[in-house]
Structures are given as structure tokens and as C-alpha cells.
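Data block below; observations after.
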Amino acid sequence: MRPPVDFDEILSKYRQDPYHYVDVHVPHTGRLRFHVEKGTPVKASSGEWGHIPGSLLYVLTREKNPKPFYSPINGEVSFLREDLQGAFVEAREKVIVIKHPLKKREIIESILRQILLPFRAPERARYFFSLEIQGKMDKEVKKPIAIKAGDEILTMSLMKRDIPVLYDGEPGIIHSLYFTPGVTVEQGEPLLGICPPEQLPLIDKIISRVKAEWE
């Protein structure tokens with residue numbers, strides 16, 4: 001049985017620290033040159049198609065080939081490996097942390113991720129809704145979609161094969177989507193947030209209270 005959710009404790013945590021901290025790692029080896037300092041405000045990519053690059057964080061040079069890397073999110077540089085300025089770094093080294101101020105919508109989504117039951121990707125693959133689930137979504141946009149163990153809810157596209165994915169969790173309602181159909185998802189990442197029926201009043205309470213109280 002799942003332990004009861006202390007909503008006041010969760011909300012208090014976000015009041016004390018309403019930020020999301022994003023770690024930035026270098027993707028490969030190379031000589032590092034920062035273009036920001038600790039405390040520098042940064043912006044993510046923008047434009048209708050996301051075609052305008054965000055703030056330049058650093059340039060990584062490998063085999064005389066400099067490659068720029070830009071901020072993935074809005075915020076402020078809260079941590080910087082100043083000791084690595086001009087140094088040769090190994091792949092996947094953490095070099096920057098960006099402190100991103102959470103908006104009301106992001107706080108709600110973050111809290112719900114702690115409460116809803118996650119249905120995770122069984123493999124690194126692309127996912128689509130099953131024909132039955134997609135049909136219900138197309139016909140009944142606002143009506144909750146209930147699922148139970150054994151229901152075919154997704155199709156996994158892997159190695160040029162389409163494999164049905166069966167739900168194996170508690171009965172519930174598909175409440176949140178965490179993936180984009182056709183886009184590759186890493187193994188173990190959540191695909192869906194499932195809400196047991198008895199939790200629906202709590203979910204509604206969370207959304208209403210955050211909307212009402214959060215500035």
C-alpha cells in the first residue's frame with residue numbers, strides 16, 4: 001500500500017526552494033573555454049521553430065574543431081567549474097549548473113510526478129499510443145481514459161518492429177503524458193503518469209491550491 005501523501009510538506013519544499021537545478025555535462029573530450037561566469041543569466045533557444053540559439057555557455061575544441069554549446073533552459077549559472085577554464089576535459093564531465101525558476105505550471109507538473117504512478121519505457125525506443133487508446137483520445141478528448149493490467153496501451157517501435165506494450169500496473173486513469181509520439185525515449189524514463197481513481201480528489205486539490213496560492 002502506498003504511504004499517504006503529505007501535500008503540505010511537498011508544497012513547503014517548493015516555497016523554500018522554487019527552482020529546478022539543471023546539470024550541464026560536456027558530451028565529449030576537448031579543451032574547454034567558458035563564455036559565462038557564476039551568476040550570469042542565461043536563456044534557452046527561442047523563435048517559432050526554436051531556431052534562435054540560447055546563451056552561449058562554452059566552446060569545446062577537439063582536433064582544432066571548436067564547437068559551441070548553448071543553454072538548454074532559462075535561468076542563472078549557479079555553479080561553474082572555474083578550475084577547468086582552458087583545460088582538457090573528459091567526456092560527461094559536469095561543468096555548469098543552471099538554476100531555473102519554476103513557473104506555476106512546472107511546479108504542478110513536478111508535484112504530480114511525485115504522486116502519480118509512472119509507467120516507464122521498457123526499452124530505448126520510439127513509442128506511439130495503441131490504436132484503441134488513440135481512438136479514445138480522438139473521440140473523447142476531455143473524458144478520462146481508464147486502464148487496467150493487461151490492456152494494450154502503447155506500441156513500441158524498436159529495430160524496425162512494432163511491438164505491443166501491455167500495462168502491468170494498478171488500475172487507474174491516464175493523467176499525464178511524458179513523451180512525444182515518435183520521439184526516442186530512454187529505457188526507464190516515464191512515459192505516462194497514472195492516477196488511481198481514489199487519488200483524483202487529491203490531484204484536483206493540488207492543482208487548485210497551487211493555482212490559487214502560487215504567485
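Quick one: in the range 7-51, which of the residues that are touching a residue at least 40 places away in the same chain (Cβ under 8 Å) and among the charged types (D, E, K, R) is least open to solvent (accessible area, probe 1.4 Å)?
Going through the qualifying residues, I end up with D23.
Is one or more of the residues making up the range 68-84 more than 30 Å from S46 (Cβ to Cβ) and either loosely packed, with under 13 Cβ neighbours inside 10 Å or at pLDDT 90 or above (or both)?
Checked the range 68-84: at least one residue is more than 30 Å from S46 (Cβ to Cβ) and either loosely packed, with under 13 Cβ neighbours inside 10 Å or at pLDDT 90 or above (or both).
Mind listing just one residue for me: the one in the range 57-87 that is among the hydrophobic types (A, V, I, L, M, F, W, C) and not in a strand (DSSP E or B) and, of those, farthest from the chain's Cα centre (by Cα)?
It comes out as A87.
Would you mind stating whether S110 is within 16 Å of C195 (Cβ to Cβ), touching a Phe, Trp or Tyr at 6+ places or on another chain (Cβ under 9 Å) and in contact (Cβ under 8 Å) with a residue 24 or more places away in the chain?
yes
Since K148 meets every condition but one in (1) under 23 Å from the mean Cα position of the chain (by Cα); (2) more than 21 Å from E109 (Cα to Cα), which condition does it not meet?
Failing condition for K148: (1).
One residue is enough: does the range 30-48 have a residue meeting the conditions in a strand (DSSP E or B), small (G, A, S) and touching a Leu at 6+ places or on another chain (Cβ under 8 Å)?
Yes: the range 30-48 contains one or more residues that are in a strand (DSSP E or B), small (G, A, S) and touching a Leu at 6+ places or on another chain (Cβ under 8 Å).
Residues being in contact with a Lys or Arg (Cβ under 9 Å, 6 or more places away or on another chain) and either aromatic (F, W, Y) or at pLDDT 90 or above (or both): count how many of those fall in the range 193-213.
Looking only at that region, the number is 1.
Name the residues in the range 90-108 that are touching a strand residue (DSSP E or B) at 6+ places or on another chain (Cβ under 9 Å), outside any loop (DSSP other than H, G, I, E, B) and surrounded by 14 or more Cβ atoms within 10 Å (Cβ to Cβ), would you?
Correct list: V95, I96, V97, I98, K99, H100, E106.
The values are calculated or read from the model by the stated rules, or taken from the named source; none is laboratory data. What you see is a predicted model, and the numbers here were worked out from it, not measured in a lab. Please note: Cβ atoms are built from the backbone with ideal geometry, for glycine as well, and neighbour counts cover all protein chains shown. Heads up: the accessible areas ignore ligands, DNA and RNA and are worked out on the full protein's heavy atoms, side chains in. Shrake-Rupley method; radii C 1.70, N 1.55, O 1.52, S 1.80 Å.
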